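Participant: Please read through the structure below; I'll follow up with questions.
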Amino acid sequence: MSTQVQTTEEKEIQIDTSKMSEGKRQALEVTEAAREAAWDHPSFSLELFQGRFRSDLMFPYPVQNADDAKKGDEFIAVLEKILAAEVDPDEIDRTGEIPQAAIDALARAGAFGIKIPKEYGGLGLSQLNYSRAAMFLGSHCANTAALLSAHQSIGVPQPLKLFGTEDQKRRYFPRLARGEISAFALTESEVGSDPAKMTTHAEPTPDGEHFILNGEKLWCTNGTKAGLYVVMASTPPKLVRGKPRPQITAFIVERDWPGVEVVTRCHFMGLRALYNGVIRFTNVKVPRKNIILDEGKGLRVALTTLNTGRLTLPAACSGASKVCLRIAREFAAERIQWGSNIGKHEAIAHKVAFIASHTFAQEAMSFYSAALVDRGGADIRLEAAMCKMFCSEVTWKIINETLQIRSGRGYETAQSLRARGEKGVPVERFVRDARINLIFEGTSEIMRLFIAREALDPHLSLAGDLLNPKAPPGKRLAAALRAGLHYAGWYPGLWNPIPQSFKVHRKLAPHLAFASKAARKLARRLFHAMNRYQASLEKRQALLGRFVEIGTELFAIAATCSRADSLAAAGGASAGGAIELADHFCWEARRRIEENFVAARKQHDRAAYQLGQTATAGQLAWLEQGAAQFPFR
Ligand SMILES: Cc1cc2nc3c(=O)[nH]c(=O)nc-3n(C[C@H](O)[C@H](O)[C@H](O)COP(=O)(O)OP(=O)(O)OC[C@H]3O[C@@H](n4cnc5c(N)ncnc54)[C@H](O)[C@@H]3O)c2cc1C
């Protein structure tokens with residue numbers, strides 16, 4: 001895969017930071033400097049926000065070639081055998097440990113080096129096959145999926161694949177492929193969503209050959225078992241246009257080096273066997289040759305790694321949704337209440353329809369995005385972030401609906417069900433395991449901000465100087481001319497009433513026509529909001545969030561219709577029902593889109609913000625009276 005990456009690093013930041021608090025300005029400048037900025041192929045989703053429904057970027061749905069599919073099938077067959085023999089997800093949940101025999105068997109099968117090129121000892125499989133494996137793992141055991149995903153989606157293999165030097169690849173890929181576990185260490189106690197506050201620091205030695213690393217990382221998944229870490233640390237600031245700009249650098253650090261210490265293992269509501277911990281670095285001597293990419297490029301390494309790494313989680317979520325579908329439809333068919341199986345009652349039938357249609361959409365989005373990675377050169381930032389946000393949130397709802405369908409049995413643990421002679425269906429565990437998906441690898445809120453930032457980028461690139469009062473008058477005038485010329489052609493086109501036509505199954509064509517019209521409306525609304533709020537638009541998170549949700553639903557509609565159309569045209573087992581699944585999904589997505597458009601027009605967001613401020617300031621503390629005032633110790 002060739003990933004063409006340029007960043008905004010040396011360019012001026014396009015957002016007006018003059019009225020921001022120091023903390024916010026720093027956070028924004030650090031993340032802005034690490035944004036990727038140039039790609040070979042356009043993004044379907046970015047085009048959507050510009051009002052262009054580029055069906056040529058979505059149709060025909062990418063079909064895995066036979067050779068690649070065979071490699072994936074063979075690997076998944078191996079995985080299936082290992083998981084069946086060695087991985088008991090309920091036992092892993094109960095004990096909080098993944099048996100070493102399971103880890104060893106997975107390592108022997110190459111599961112720790114799925115995408116590592118063969119020449120370095122890995123399996124060299126495609127992103128699509130990796131996503132298929134993640135889906136399979138996610139359907140079987142969330143703890144095992146997290147172990148393998150943290151290792152190779154965000155741990156050492158992925159950044160090494162993207163940015164590693166030949167020397168780094170030769171030194172580390174074979175170890176990683178053989179099963180040496182790796183971890184990604186960014187988060188600190190004060191650094192959650194905001195990397196600018198990083199205190200872990202690496203200072204170069206006088207000869208410049210090494211760095212001395214000090215600091216403590218929090219919630220490092222695999223951290224307690226890893227032999228290798230990607231550690232993000234601040235390094236001495238660099239002068240950019242006369243001002244010191246904070247630098248973050250990514251280092252490969254070995255567990256055996258003096259000064260690396262696992263302080264504690266952390267425990268959570270779910271993912272009970274996550275080897276997650278606090279890792280301390282005290283005067284650790286790290287060779288300069290272990291920097292990934294370059295000094296000061298750490299955040300770019302992290303963000304770019306996450307762009308692809310983020311596709312694993314939605315695939316794993318789709319796997320969990322598929323299991324829920326089986327659980328829900330089996331129970332709906334066998335449980336008799338009020339004279340018929342509960343699946344016959346409309347309330348339950350609708351839940352099953354929701355689960356099936358949204359599982360189909362998740363898979364369509366995830367596989368489409370994985371195929372883009374395999375093709376190379378595509379800008380998948382938006383698609384990956386949308387997949388992450390959408391699939392984590394949808395899987396959470398699907399699991400909740402599955403629990404509701406199984407009701408009392410959904411709430412009961414698998415162990416308890418088994419103890420009284422019923423099947424140990426682990427929906428209760430699914431709830432605990434799935435909640436984290438909305439938090440790690442970018443919280444849902446941060447995903448919305450990230451997507452909104454990328455959606456606005458074409459406008460900011462064109463007219464950013466116009467909106468920035470700090471920009472010199474000459475630059476503002478140039479931006480005004482540039483923007484005037486562009487918008488005079490672009491904006492009237494957004495009102496084009498002629499519907500786009502689509503050569504797809506007759507049931508799907510109206511959904512695509514709706515989506516292309518809605519994309520134009522979305523672009524208009526975004527443009528109006530930019531004009532209205534100008535530089536303060538970034539503060540209107542609720543409004544931006546609604547636009548992001550609309551864009552994501554439009555991407556989902558397109559991917560779902562494309563996949564359904566392709567399955568129906570190909571015939572075979574998957575053809576039966578694919579159109580109906582897509583049709584139902586589209587109706588649901590259209591309803592949510594309409595609701596979001598209405599909500600975006602209403603002016604309640606500011607009132608909600610004010611109420612939030614009042615409550616946060618403690619002025620509504622009287623409402624807490626009547627509840628126990630126990631101290632949290
Ligand atoms: C089980 C688990 C595993 C993890 N694994 C790893 C790992 O392997 N490596 C690693 O480095 N980290 C890891 N993390 C950390 C994880 O990525 C962070 O928890 C996540 O980034 C959020 O940070 P935080 O919890 O500190 O929340 P905060 O950043 O403190 O945010 C709190 C809340 O405020 C919201 N928020 C924050 N900023 C804004 C804003 N500007 N606008 C609107 N809302 C905002 C957030 O969305 C969130 O809802 C893990 C965490 C857990 C719990």
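Participant: Can you pull out every residue in the stretch 563-610 that is over 19 Å from residue 511 (Cβ atoms), surrounded by 11 or more Cβ atoms within 10 Å (Cβ to Cβ) and hydrophobic (A, V, I, L, M, F, W, C)?
Facilitator: Of everything in the stretch 563-610, those that are over 19 Å from residue 511 (Cβ atoms), surrounded by 11 or more Cβ atoms within 10 Å (Cβ to Cβ) and hydrophobic (A, V, I, L, M, F, W, C) turn out to be 570, 599, 600.
Participant: Just to be sure before I move on: is residue 501 farther than 19 Å from residue 49 by Cβ, open to solvent by 40 Å² or more (accessible area, probe 1.4 Å) and touching a residue at least 12 places away in the same chain (Cβ under 8 Å) in the structure I sent?
Facilitator: It is true that residue 501 is farther than 19 Å from residue 49 by Cβ, open to solvent by 40 Å² or more (accessible area, probe 1.4 Å) and touching a residue at least 12 places away in the same chain (Cβ under 8 Å).
Participant: Let me ask another. Please state which of the following conditions residue 227 fails to meet, knowing it meets all the rest: (1) under 27 Å from residue 105 (Cα atoms); (2) surrounded by fewer than 16 Cβ atoms within 10 Å (Cβ to Cβ).
Facilitator: (2)
Participant: Moving on to the next point. Residue under question is residue 259, and the condition is that it be more than 12 Å from the ligand (Cβ to nearest atom) and over 30 Å from the mean Cα position of the chain (by Cα); does it hold?
Facilitator: Yes: the conditions hold for residue 259.
Participant: Taking the criterion of being of a type in the set (Ser, Thr, Tyr) and farther than 30 Å from residue 414 by Cα, would at least one residue in the stretch 457-466 satisfy it?
Facilitator: yes
Participant: For the subset of the stretch 126-141 comprising residues that are touching a Lys or Arg at 6+ places or on another chain (Cβ under 8 Å) and under 21 Å from residue 98 (Cβ atoms), which member is most open to solvent (accessible area, probe 1.4 Å)?
Facilitator: The selected residue is 139.
Participant: Going by what's in this entry, would residue 235 be described as hydroxyl-bearing (Ser, Thr, Tyr) and open to solvent by 40 Å² or more (accessible area, probe 1.4 Å)?
Facilitator: no
Participant: List pairs: first residue in the stretch 189-205 and within 10 Å of residue 217 (Cα to Cα), second residue modelled with pLDDT of 95 or more and near the ligand (Cβ under 8 Å from one of its atoms) anywhere in the structure, Cβ distance under 6 angstrom, at least six positions apart or on different chains.
Facilitator: What qualifies is 189/218.
Participant: Report whether or not residue 388 is within 15 Å of the ligand (Cβ to nearest atom), of a type in the set (D, E, K, R) and either over 17 Å from the mean Cα position of the chain (by Cα) or open to solvent by less than 30 Å² (accessible area, probe 1.4 Å) (or both).
Facilitator: Yes: the conditions hold for residue 388.
Participant: Can you pull out the residues in the stretch 171-199 that are in a loop (DSSP other than H, G, I, E, B) and more than 22 Å from residue 287 (Cβ to Cβ)?
Facilitator: Result: 179, 187, 189, 190, 192, 193, 194, 199.
Participant: Looking at 471, 463, 478, which is the one that is open to solvent by 40 Å² or more (accessible area, probe 1.4 Å) and farther than 21 Å from residue 603 by Cα?
Facilitator: Being open to solvent by 40 Å² or more (accessible area, probe 1.4 Å) and farther than 21 Å from residue 603 by Cα holds for just one of 471, 463, 478, which is 478.
Participant: So, residue 249, is that one touching a Gly at 6+ places or on another chain (Cβ under 9 Å) and within 16 Å of the ligand (Cβ to nearest atom) or not?
Facilitator: yes
Participant: Now for a different question. Restricting the search to the stretch 89-103, which residues are within 25 Å of residue 178 (Cβ to Cβ) and open to solvent by 60 Å² or more (accessible area, probe 1.4 Å)?
Facilitator: If the condition is that a residue be within 25 Å of residue 178 (Cβ to Cβ) and open to solvent by 60 Å² or more (accessible area, probe 1.4 Å), then 97, 100 are the ones that fit.
Participant: Search the stretch 591-614 for residues that are touching a residue at least 40 places away in the same chain (Cβ under 8 Å) and pair each with any residue that is small (Gly, Ala, Ser) when their beta-carbon atoms are under 6 Å apart and the residues are at least 6 apart or on different chains.
Facilitator: Partner pairs satisfying both residue conditions: 593/518; 605/542.
Participant: Looking at 581, 526, which one is in a helix (DSSP H, G or I) and closer than 22 Å to residue 444 by Cβ?
Facilitator: 526
Participant: Any idea how many residues of the stretch 178-219 are more than 16 Å from the ligand (Cβ to nearest atom) and in contact with a helix residue (DSSP H, G or I) (Cβ under 8 Å, 6 or more places away or on another chain)?
Facilitator: Of the residues in the stretch 178-219, 7 are more than 16 Å from the ligand (Cβ to nearest atom) and in contact with a helix residue (DSSP H, G or I) (Cβ under 8 Å, 6 or more places away or on another chain).
Participant: Something else about it: Looking at 606, 592, can you tell me which residue is within 18 Å of residue 512 (Cα to Cα) and among the charged types (D, E, K, R)?
Facilitator: After ruling out the rest, the residue left standing is 592.
Participant: Could you say whether any residue in the stretch 154-177 is within 16 Å of the ligand (Cβ to nearest atom), closer than 21 Å to residue 271 by Cα and open to solvent by 40 Å² or more (accessible area, probe 1.4 Å)?
Facilitator: no
Participant: Among the residues in the stretch 356-373, are any over 12 Å from the mean Cα position of the chain (by Cα), open to solvent by 40 Å² or more (accessible area, probe 1.4 Å) and within 30 Å of residue 60 (Cα to Cα)?
Facilitator: No, the stretch 356-373 contains no residue that is over 12 Å from the mean Cα position of the chain (by Cα), open to solvent by 40 Å² or more (accessible area, probe 1.4 Å) and within 30 Å of residue 60 (Cα to Cα).
This table checks each residue for (1) out of contact with any helix residue (DSSP H, G or I) (no Cβ under 8 Å at 6 or more places or on another chain); (2) among the hydrophobic types (A, V, I, L, M, F, W, C); (3) at pLDDT 95 or above.
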{"residue": "549", "(1), (2), (3)": "no, no, yes"}
{"residue": "559", "(1), (2), (3)": "no, yes, yes"}
{"residue": "564", "(1), (2), (3)": "no, yes, yes"}
{"residue": "574", "(1), (2), (3)": "no, no, no"}
{"residue": "581", "(1), (2), (3)": "no, yes, yes"}
{"residue": "611", "(1), (2), (3)": "yes, yes, yes"}
{"residue": "614", "(1), (2), (3)": "yes, no, yes"}
{"residue": "617", "(1), (2), (3)": "yes, yes, yes"}
{"residue": "633", "(1), (2), (3)": "yes, no, no"}
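Participant: Could you run through the stretch 415-441 and say how many residues are open to solvent by less than 20 Å² (accessible area, probe 1.4 Å) and within 16 Å of the ligand (Cβ to nearest atom)?
Facilitator: So the answer is 3.
The values are calculated or read from the model by the stated rules, or taken from the named source; none is laboratory data. Note that the structure is predicted; figures quoted are calculated from it, not measured. Glycine gets a Cβ as well: all are built from the backbone with ideal geometry, and neighbour counts include every protein chain shown. The area values use the complete protein model at the heavy-atom level, side chains included, leaving out ligands, DNA and RNA. Shrake-Rupley method; radii C 1.70, N 1.55, O 1.52, S 1.80 Å.
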